[in-house]
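Okay, so here's the structure we're looking at.
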Amino acid sequence: MIRVHLVALVLINLAAAAAAQEPTVERTVQQDAADRGGWVARRTCASCHAVARTGTSPMETAPPFRDIVRRRSLSELENRFVDGAIADHPSMPDYVFRAREIDDLIAYLESLQAEERTP
Ligand code: HEC
């Protein structure tokens, strides 16, 4: 009898752990992508743009990323990355983005956009 109870307890715990873990795993994947995107942004964009939630752009004419994500949708930005238009902008060195880098940058911009929308 005790053993049956133990098995039941273990099963209930496993089910609870699985249920609790699912959203965590998803958030982590998204968070990992955003972290990598933040790294790409700091490495390749931060010489001109303010890439974080605060700070001014080193290049006066380069809009801070937090302003860009306020006025542009992520899908528009993603399209412009994919068709190379962003790598084209004046005074910006030629970058060839890999698909993975675009995904990561978009994940980073999405996290920035979410923060900007949180009062
Ligand atoms: C050498 C300076 C420089 C670098 C490096 C740079 N940018 Fe820019 N960026 C600018 C300037 C200047 C503008 C504003 C003029 C323009 O849009 O052409 C701009 C504009 C943009 C815009 C358009 C904003 C809008 O609302 O239309 C996006 C998006 C953008 N940059 C993304 C990036 C990303 C992502 C990176 C890094 C991968 C990056 N930039 C790196 C100088 C730079």
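Brief remarks on what is shown
- Charge tally around Ile68: other residues with Cβ under 13 Å, Lys/Arg +1 each, Asp/Glu -1 each, net +1.
- Difference of contour (0.36 nm per residue) and Cα-Cα distance, Arg43 to Glu60: 4.3 nm
- Between Arg53 and Asp83, the modelled label-to-label distance comes to 3.3 nm, taking each label 7 Å out from Cα in the direction of the beta carbon.
Bear in mind these aren't lab numbers, they're just calculated from the coordinates by the rules spelled out. Keep in mind that what you see is a predicted model, and the values were worked out from it rather than measured. Here the Cβ is made from the backbone with ideal geometry for all residues, glycine too, and neighbour counts use every protein chain on show.
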